[in-house]
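J.: Dropping the structure in here first, questions after.
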Amino acid sequence: MTYANKSSPWRRIQSGPCIALFLSCLALFFPHLCAAEEFSFDLEEIEKKDLQMGGYLEIRGEHMDLNQGSVFSTLNLADPDEAIVDLLTAAMQLDGSYARGISSLNWQLKAAAQEDTSGWSDMADVYSAYFSLKADPSLSLALGKKSYKWGKGYAWNPVGFINRSKDPNNPEEALEGYITAETDFIKSYQGPLQTAALTLAVLPVWEDINEDFGVSDNVNLAAKLYLLYLDTDIDLIFLGGDSRSDRFGLDFSTNLAPHFEIHGEAAYIPELEKIILEEDNSSSRVEDPAFSTLLGIRYLSANDITTIVEYYYNGGGYSQEEMSRFYQLAAAGLAQDPVLDTTLLDKAREMSLKGYGRPQPGRQYLYSKWTMKEPFDILYFTPGITALVNLEDQSYSISPEGVYNGLTNWEFRLRFSLINGGKATEYGEKGNSNKVELRIRYFF
Amino acid sequence: MPKNRLSHLHIAVALLLLSIAGPALALDGNEILRQVDNNMQPGSYEMYRKLINIEPDGTKKEFVLYTVKTGQDKMVALFISPASEEGRATLRLGDNMWLYIPNVGKPLRITSLQSVTGGIFNNSDILRLDYHVEYEAESISEKEESYQLKLKARTSSVAYDHLQMIVDKKSMLPTSIECYAVSGMLIKTLHYSKIEDFGDGLVRPSVLETESPLHKDYRSLMLFAKVQKKEFADEVFTLNYLSKVNDLRK
């Protein structure tokens with residue numbers, strides 16, 4: 001459909017200097033009357049194709065000042081005397097689907113190559129690839145590798161029992177999935193209960209299939225019952241099977257006011273296995289019940305500032321005392337002459353891999369993010385600041401950033417991160433003390 | 001009959017007439033609003049829209065959306081272009097709104113004044129329900145060729161507290177709408193134009209232009225295409241279906 005067509009009243013007017021002058025004046029004083037003539041909406045633009053392809057190309061440059069002498073710079077870096085690291089990463093994400101009738105094949109592929117001061121590395125992975133059947137809107141089936149993002153939290157999801165862990169500094173990034181067989185039933189109602197939806201996912205762990213999920217040769221069942229009840233989203237979540245211990249979860253989200261949303265999650269794991277470092281520097285495997293919670297808000301102010309704040313109690317995390325013991329072990333290892341004895345440092349490396357070195361290994365965290373939409377009339381520019389605080393040891397990271405997406409299909413993000421804390425604290429012992437990152441994405 | 005008794009009767013009759021005329025006047029305004037809605041779109045429908053944001057230097061950014069609606073307050077809008085926004089979907093169920101971003105993989109609750117695209121359009125412009133569902137006519141005035149309706153939001157969750165709508169008497173279609181905040185500040189003015197026959201008896205404007213004193217020299221246009229009556233199952237308007245909305249397109 002083209003608006004500048006022959007039937008247009010403007011086209012019926014014959015050209016001529018007087019008329020041109022008249023039209024110019026009209027356009028000057030009544031721009032909205034002429035606006036439609038400049039634009040078209042062709043049916044080709046909305047034609048649906050069986051095969052759909054998309055994705056993005058990314059180039060990312062990072063500069064990091066290393067936190068020399070810190071626990072993680074010592075444990076993870078080949079050269080502990082290194083002061084800076086410069087990284088250049090090129091990445092590509094390919095999304096696509098092929099639909100035929102009620103069936104479709106969907107995929108998401110990710111590949112990246114990185115060059116840094118220590119050399120070159122690359123990766124390529126299938127994030128998702130699944131076949132789905134949608135008999136009608138209330139029932140669908142899916143088989144293959146699929147990514148799950150269960151839970152209402154923005155930065156963390158304690159009820160995301162079959163989610164991959166996300167990076168709170170980049171919570172909107174795609175994540176790799178697991179191979180599952182899934183059914184999704186949806187039912188709508190009139191009354192206080194508006195929607196009920198049940199998602200069941202069978203997740204096997206066999207040789208070469210979902211091996212990193214847990215103990216092999218088991219078939220696990222994950223279930224999520226979603227209810228929209230009295231304008232509140234509620235999920236009841238369960239994971240059963242022998243690859244991981246059983247887990248029970250509940251989450252909710254609702255608007256207390258039009259511009260004020262509140263959400264929360266609670267997860268209970270009766271027997272959570274954890275490897276801990278004992279006082280004599282030996283390690284032991286313990287099973288304890290773990291209860292984790294998350295409470296968050298999202299608020300949009302009158303001047304277009306969006307605030308997200310989340311408090312996370314990680315019941316399966318390490319206490320401050322347990323973390324301190326680990327930092328002491330690493331510090332003792334550092335004090336040893338590396339030529340004569342590396343026993344303590346090796347033990348610290350082992351414990352780092354077994355849990356102490358994972359992101360947010362502690363018990364209590366606070367996440368907050370403020371973004372302001374288009375300040376000073378700069379369209380498509382969103383500055384923001386993200387803070388991540390370990391409430392137990394008072395260490396933190398603060399990341400101001402600016403995102404601009406004013407050019408169609410381009411996104412530019414410049415971010416600076418300051419990572420700070422005292423000795424033997426989570427952010428004080430990180431491998432780097434700050435980072436500057438420029439990320440450019442082109443979507444296609 | 002004594003004179004003062006007669007005047008009492010006159011007053012009583014006048015009051016009675018006023019009491020009848022008052023609601024009738026209000027009813028007329030709401031009735032006009034219903035007619036406007038009926039002329040603008042069927043009860044359940046699908047349509048395509050193109051949003052165009054134009055900056056003062058002439059730079060343009062375009063978005064194409066596929067939208068389906070059923071009943072009074074169930075609506076989904078799916079971005080089908082540009083590539084950077086493709087697959088984003090917004091769902092509205094009454095006052096509840098959610099945004100689904102494919103990479104994020106789960107719907108997030110959003111508010112009506114948040115902007116999904118940037119620019120002058122916000123969620124409530126993209127997921128606008130029928131005018132008579134969101135607004136009530138407070139007053140009506142009549143000119144030779146148009147009605148002027150003053151509309152008040154029925155709830156505080158509606159993005160604009162009140163509207164001034166000009167309705168063309170002949171076509172019973174809106175020509176312009178001024179949108180005001182609670183404070184009385186003019187947030188934006190909408191201009192409908194280019195009446196087109198969409199088929200099946202639907203003859204309505206195909207272009208909506210927005211200007212805002214808050215974004216001087218910026219313009220936003222919404223072009224409409226393939227607005228057609230279609231019935232959808234209620235299950236389409238649920239969080240679990242948001243990732244599958246594209247399957248509805250033929």
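J.: Using θ = phi - 60° and the Karplus form 6.51 cos²θ - 1.76 cosθ + 1.60, what ³J(HN,Hα) does each residue of segment A:271-282 get, whole Hz, x for Gly and Pro?
T.: Along segment A:271-282, the couplings run 9, 9, 7, 9, 9, 10, 8, 7, 4, 8, 6, 8 Hz.
J.: Under the rule of at least 5 residues apart or a separate chain, name every residue whose amide H is placed under 5 Å from the amide H of residue A:220.
T.: A:203, A:205
J.: Rounded, prolate or oblate for segment A:90-198? Axes are the square roots of the Cα gyration tensor eigenvalues, ordered a ≥ b ≥ c, and the cut-off for rounded is a/c under 1.5.
T.: It is oblate, given that a/c is not under 1.5 and a/b is not larger than b/c.
J.: Can you tell which of A:101, A:118, A:90 lies farthest toward the positive end of the dipole of segment A:65-144, using +1 and -1 charges on the Cβ of basic and acidic side chains (Lys, Arg; Asp, Glu)?
T.: Among A:101, A:118, A:90, the one farthest towards the positive end of the dipole of segment A:65-144 is A:101.
J.: Right, next: Given N residues in the protein assembly as shown, what is its alpha carbon radius of gyration divided by 2.2 N^0.38 Å?
T.: 1.12
J.: Rounded to two decimals, what ratio of Rg to Rh does segment A:322-444 give with C-alpha atoms and a Kirkwood Rh?
T.: Using Cα coordinates only, the ratio equals 1.14.
J.: Sorted from largest to smallest, which semi-axis lengths in Å does the alpha carbon gyration tensor of segment B:37-248 give for its equivalent ellipsoid, taking the root of 5 times each eigenvalue?
T.: Equivalent-ellipsoid dimensions as semi-axes: 26, 20, 18 Å.
J.: Let me ask something else about it. I need the semi-axes of the equivalent ellipsoid of segment A:194-328: take the C-alpha gyration tensor, multiply each eigenvalue by 5, square-root it, list largest first in whole angstrom.
T.: 33, 24, 12
J.: Students often check this: by mean Cβ neighbours within 10 Å, which of A:211-224, A:170-183 ranks highest, and how do the rest follow?
T.: Final packing ranking: A:170-183, A:211-224.
J.: Could you tell me which of the pairs B:143/B:230; A:48/B:74; A:49/B:230; B:50/B:216; A:49/A:146 are separated by over 25 angstrom between their Cα atoms in the structure shown?
T.: Pairs exceeding 25 Å: B:143/B:230.
J.: Considering the dipole of segment B:37-248 built from charges on the beta carbon (Lys and Arg +1, Asp and Glu -1) around the Cα centre, which of B:182, B:205, B:84 is farthest to its positive end?
T.: B:84
J.: Between residue A:225 and residue B:156, what FRET efficiency follows from the Cβ-Cβ distance if R0 is 30 Å, with the result rounded to 0.05?
T.: The pair residue A:225/residue B:156 has a calculated efficiency of 0.40.
J.: What is the magnitude of the charge dipole of chain A about its Cα centre, with +1 placed on the Cβ of each Lys and Arg, -1 on the Cβ of each Asp and Glu, and no other charges, expressed in debye to the nearest 20?
T.: 1680
J.: Quick one: compute the contact order of chain B, relative version, from alpha carbon pairs under 8 angstrom and 6+ residues apart, as a percent.
T.: Here the relative contact order equals 20 percent.
J.: Amide H to amide H, which residues 5 or more places from residue A:210 or on other chains are under 5 Å from it, using H placed in the peptide plane?
T.: A:179
J.: How big is D, in µm² s⁻¹, for segment A:69-125 by Stokes-Einstein at 25 °C and 0.890 mPa s if Rh is the Kirkwood radius over C-alpha pairs?
T.: In µm²/s, the coefficient is 168.
J.: Also, quick follow-up: Let's test the formula: R0 of 25 Å, r as the Cβ-Cβ distance of residue B:182 and residue A:297. What FRET efficiency results, to the nearest 0.05?
T.: Given R0 = 25 Å and the Cβ-Cβ separation, E is 0.65.
J.: Do any trypsin sites (Lys or Arg not before Pro) in segment B:50-145 lie in a loop, going by DSSP, with at most 14 other beta-carbon atoms within 10 Å of their beta carbon, and if so which?
T.: B:143
J.: Can you pull the one-decimal nm distance between simple spin-label points at residue A:256 and residue A:408, each 7 Å off the Cα toward Cβ?
T.: My value for the distance between the label points is 4.3 nm.
J.: Dividing the convex hull volume of the alpha carbon atoms of segment A:157-233 by its residue count, what do you get in Å³ per residue?
T.: Each residue corresponds to 113 Å³ of Cα convex hull volume.
J.: Kindly write out, for segment A:164-169 in residue order, the coupling ³J(HN,Hα) from the Karplus curve 6.51 cos²θ - 1.76 cosθ + 1.60 (θ = phi - 60°), rounded to whole Hz, with x marking Gly and Pro.
T.: Taking θ as phi minus 60°, the curve returns 7, 5, 9, 8, x, 7 Hz for segment A:164-169.
J.: Taking segment B:164-250, which GluC sites (Glu not before Pro) meet the DSSP loop condition and have no more than 11 other C-beta atoms within 10 Å?
T.: The qualifying sites are B:231.
J.: When the Kirkwood radius is taken over all Cα pairs of segment B:119-211, what Stokes-Einstein diffusion coefficient follows at 20 °C and 1.002 mPa s, in µm²/s?
T.: Roughly 153 µm²/s, to the nearest whole number.
J.: Extending each Cα 7 Å along its Cβ direction at residue B:195 and residue A:337, get the distance between those two points in nm, one decimal.
T.: 9.7
J.: Another question, then. Residue by residue through segment B:213-219, which ³J(HN,Hα) values in whole Hz follow from phi under the Karplus form 6.51 cos²θ - 1.76 cosθ + 1.60 (θ = phi - 60°), with glycine and proline marked x?
T.: Per residue, the Karplus-derived 3J(HN,Hα) values read x, 7, 10, 4, 6, 9, 10 Hz.
J.: In Å and from the alpha-carbon atoms only, list the Rg and Dmax of segment B:157-201.
T.: Rg then Dmax for segment B:157-201, in Å: 13.3, 41.
J.: Between residue B:55 and residue A:57, how many nm apart are label points set 7 Å from Cα along the C-beta direction?
T.: 2.2
J.: Using only Cα atoms, locate the centre of segment A:207-261 and the centre of segment A:381-428, then give the distance between them in Å, rounded to an integer.
T.: 28
J.: How many angstrom lie between the Cα centre of segment A:102-116 and the Cα centre of segment A:321-371?
T.: 33
J.: Further question: Rounded if a/c is under 1.5, else prolate if a/b is larger than b/c, else oblate: which is segment B:161-237, with a ≥ b ≥ c the root eigenvalues of its Cα gyration tensor?
T.: Prolate.
J.: What GluC sites (Glu not before Pro) does segment A:251-288 have in DSSP loop regions with at most 12 other beta carbons within 10 Å?
T.: Here the sparse-neighbourhood loop sites are A:278, A:279.
No value in this document is a laboratory result; all are computed from the given coordinates. Please read all numbers here as calculations on a predicted model, not as lab measurements. No Cβ is skipped: glycine too gets one built from the backbone with ideal geometry, and neighbour counts run over all protein chains shown.
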